[in-house]
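Chemist: Below you'll find the structure I mean.
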Amino acid sequence: MRCPVLLRLFRAASGIACGSLALCALPACGNTVDWLGHDRMTSDELRPLTGPQEYPNALSDVLGKSDEEIASKIEATFQQLFYGDKFNEAIFYTDAYDADRAYIWDTLHGQVRTEGMGFGMMITVQLDKQDEFDRLWRYAKEWHEHTSGPKQGYFVSFCDVPWSDKPVFCSDPFGLQQLAMALLFAHGRWGSDTGTIDYGAEAIALLEVMQHKETLNGGVDEGVTNTFDPETKLVFDVPNVEAADTTRPSLEMPAYYELWAQATGDPFWSEAAESAREHWRRTAHPITGLIPVRAHFDGTPVTGSANFDSESYRTLLNLALDQIWFGVDPWQVEEANRLLAFFSRQGIDWYGGAYTLDGVLIEARDPALVVTNGVVGLVATAEDRAEYIEAAWAAEPATGLPRYYPGLLHLLSLITLSGQFRVY
């Protein structure tokens, strides 16, 4: 018996068992039924994924690091982030109710976000750590999945929004997409019939709900929409009617969509990939290359989210992955060069962490941007790109209260820079 998701989050925070709450006598807490109403593609029907023939290893090719040095650094960073001191280093924690479940803790905000869960699952599948992967997915399913109502199939998270100084509950498309891609990679790397989790089936369910939520609900129900706009193929800021015509560039993941098209044979995803690339071209500042946190579908920045800020760093990683895996848009290399040129003008050792799009400094240096800019250097052709890659290699793993976001981006950047962010 599973409680509604918000009730389960209350249970997690309060330590009260679901069965002990009187609210669980309500019908919403009963066993779920087949709400889809039609046959779904099975794991066996998923097509194999094809990535590039080679993955560039900038740590070796540009910096001259040995395979042993690279492996040692990545493993040490993983061990600190997942199993280091729980008060100052780690963000991976075991669920107090079940040791077979675990979560990624946003130490700064005191929350579990699907962003972190998705990143955690992506890290563990890339590093071939199946036990940690499975524990994260079990936690996400137990505590975050909506099991009834208009949001059924979506996962509850927290989003930073311009109208509130505190994160608000949301169905964050960033986390949903990371979860789906990580599950597909798990299906390709480990198989969906080797354990207790059918990775492929779980991935298919997420892809279906993101693309067809309104059909599954019989229309827009209580404001809940698809994750992807059927017309433009762009991702909504959140899957709700209030977010019409609004996205976040960091939600656009064309490299993932190309793989989803391969896996399912659905041309919708190839169209979504091209729409995402076009949106980046419309949104990036033509001189600085800086990309805002939020933008309208036509590329115009959204008031209150119009600056280049920490959430924008995810866009840089998405862009680099698309260039590494598919390399179909020369603009992405130009954009990488434009970004590094801007930061070099600020001073490679001094540039800040947030700017207006035309380059006015807002906030001081952010270690998360330092490591992400190393990945930008991987796809750039600028003469000083090696300095950015070196800075990412030299960065120390994040510690202290704000370690969650820079820690995740640090490890993901090292994985990418070493040619280990791969298609399975």
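Chemist: For His109 and Leu361, FRET efficiency with R0 = 30 Å and r from the beta-carbon atoms, rounded to 0.05? Present the calculation step by step, with values, prior to reporting the outcome.
Modeler: Details: r = 25 Å, r/R0 = 0.82.
That pair, Leu361 with His109, gives E of 0.75.
Chemist: Under a 5 Å amide H to amide H cut-off, with H placed in plane at 1.01 Å, what residues pair with Asn240 once short-range neighbours are removed?
Modeler: Thr225
Chemist: Residues with amide H under 5 Å of Ala354's amide H, sequence separation 5 or more or different chain, H placed in the peptide plane at 1.01 Å from N; which?
Modeler: Amide H neighbours of Ala354: Ile362, Glu363.
Chemist: Okay, next question. How far, in nm, would the chain grow between Asp384 and Asn88 when pulled straight, counting 0.36 nm per residue and subtracting the alpha carbon separation? Kindly include the intermediate steps, with their values, before the conclusion.
Modeler: Values: separation 296, 0.36 × 296 = 106.56 nm, distance 3.39 nm.
Net length gain for the segment: 103.2 nm.
Chemist: What's the magnitude of the charge dipole for region 312-375 around its Cα centre, counting Lys and Arg as +1 and Asp and Glu as -1 at the beta-carbon? Answer in Debye, nearest 20. Could you put the intermediate results ahead of the total?
Modeler: Details: 4 positive and 8 negative charges, 24 e Å.
Here the size comes out at about 120 debye.
Chemist: Looking at (i) 23; (ii) 43; (iii) 36, which value of percent of Cα pairs over 35 Å apart comes from a calculation on the structure shown?
Modeler: Correct label is (i).
Chemist: Additional query: Quick one: net charge around Asn226, please, counting Lys, Arg +1 and Asp, Glu -1 for every other residue with C-beta under 11 Å from its C-beta. Numbers along the way, then the final one.
Modeler: On the way: positive: Lys213, Lys233; negative: Glu208, Glu214, Asp229, Glu231.
Taking every Cβ under 11 Å from that of Asn226, the sum is -2.
Chemist: If you roll a 1.4 Å probe over the chain with all protein chains in place, what percent of the accessible area is carbon or sulfur? Mind dumping the intermediate values first?
Modeler: Details: 8530 of 16790 Å².
The computed percentage sits at 51.
Chemist: Still on this structure, I have one more. If we sort 270-283, 220-233 on the protection proxy, mean other Cβ atoms within 10 Å, highest first, what's the order? Please report the intermediate quantities before stating the final value.
Modeler: Details: 270-283: 20.1, 220-233: 17.2.
Highest mean packing first, the order is 270-283, 220-233.
Chemist: Using modelled amide H (1.01 Å from N, peptide plane; none on Pro or chain starts), what sits under 5 Å from the amide H of Arg101, excluding residues fewer than 5 places away?
Modeler: Asp95
Chemist: Shifting gears a bit: Going by average Cβ neighbours within 10 Å, how do the peptides 338-351, 43-56 rank, with the highest at the top? Provide the component values of the computation, followed by the final result.
Modeler: On the way: 338-351: 16.3, 43-56: 13.1.
Top to bottom by mean Cβ count within 10 Å: 338-351, 43-56.
Chemist: Starting from the Cα of Lys213, draw a straight line to each of the aspartates and glutamates and keep only those under 14 Å, dropping any in the same chain fewer than 8 residues away.
Modeler: Here the aspartates and glutamates satisfying the reach criterion relative to Lys213 are Asp221, Glu222, Asp229.
Chemist: Okay, next question. Apply the Karplus curve 6.51 cos²θ - 1.76 cosθ + 1.60, θ = phi - 60°, to the phi angles in region 223-239 and return the couplings in whole Hz, x for Gly and Pro.
Modeler: Calculated HN-Hα couplings, in order: x, 7, 10, 4, 6, 9, 5, x, 7, 8, 6, 8, 8, 5, 3, 9, x Hz.
Chemist: Shifting gears a bit: Rounded to whole Hz and in sequence order, give me ³J(HN,Hα) for region 353-369 from the Karplus expression 6.51 cos²θ - 1.76 cosθ + 1.60, θ = phi - 60°, writing x for Gly and Pro.
Modeler: Residue by residue, region 353-369 yields x, 8, 9, 5, 5, 8, x, 8, 5, 10, 10, 6, 3, 10, x, 5, 6 Hz.
Chemist: Only Lys, Arg, Asp and Glu count, each charged at its Cβ (+1, +1, -1, -1), so figure out the dipole size of region 382-423 about its Cα centre, rounded to 20 debye. Spell out each step's value before the answer.
Modeler: Details: 3 positive and 5 negative charges, 65 e Å.
Dipole of region 382-423, to the nearest 20 debye: 320 debye.
Chemist: So which lysines can Lys65 reach, going by Cα to Cα under 30 Å and dropping same-chain residues fewer than 8 places off?
Modeler: Lys65 reaches Lys73, Lys129.
Chemist: Looking at the calculated P(r) for region 72-186, what percent of the C-alpha pair distances fall above 22 Å?
Modeler: Values: 2139 of 6555 pairs.
Considering region 72-186, 33 percent of its Cα-Cα pairs are separated by more than 22 Å.
Chemist: Calculate, for the chain, the solvent-accessible area per residue in square angstrom, rolling a 1.4 angstrom probe over the heavy atoms of the protein chains.
Modeler: Working: 16790 Å² over 424 residues.
In whole numbers, the chain has 40 Å² accessible per residue.
Chemist: Return the FRET efficiency for the residue pair Ser72, Lys141: r is the Cβ-Cβ distance, R0 is 35 Å, and the value is rounded to the nearest 0.05. Mind dumping the intermediate values first?
Modeler: Details: r = 34 Å, r/R0 = 0.97.
Calculated value: 0.55.
Chemist: Sort Val328, Val375, Val238 from largest to smallest accessible area, using a 1.4 Å probe on the heavy atoms of the protein chains. Please list the in-between numbers first.
Modeler: Details: Val328 95, Val375 0, Val238 35 Å².
The ranking, largest first, comes out as Val328, Val238, Val375.
Chemist: So, one more: Tabulate in residue order the Karplus-calculated ³J(HN,Hα) for region 307-314, using 6.51 cos²θ - 1.76 cosθ + 1.60 with θ = phi - 60°, rounded to whole Hz; enter x for Gly and Pro.
Modeler: 9, 7, 9, 4, 5, 5, 4, 5
Chemist: If the chain between Arg40 and Asp128 were fully stretched, how many nm would it gain, using 0.36 nm times the residue separation less the Cα-Cα distance?
Modeler: Working: separation 88, 0.36 × 88 = 31.68 nm, distance 2.82 nm.
Once the chain is fully extended between Arg40 and Asp128, it gains 28.9 nm.
The values are calculated or read from the model by the stated rules, or taken from the named source; none is laboratory data. Since the structure is predicted, the reported quantities are computational estimates derived from the model, not experimental observations. Reconstructed Cβ throughout: ideal geometry from the backbone, glycine too, with neighbour counts over all protein chains shown. Quick note on the areas: whole protein, heavy atoms, side chains included, nothing else; ligands and nucleic acids left out. Shrake-Rupley method; radii C 1.70, N 1.55, O 1.52, S 1.80 Å.
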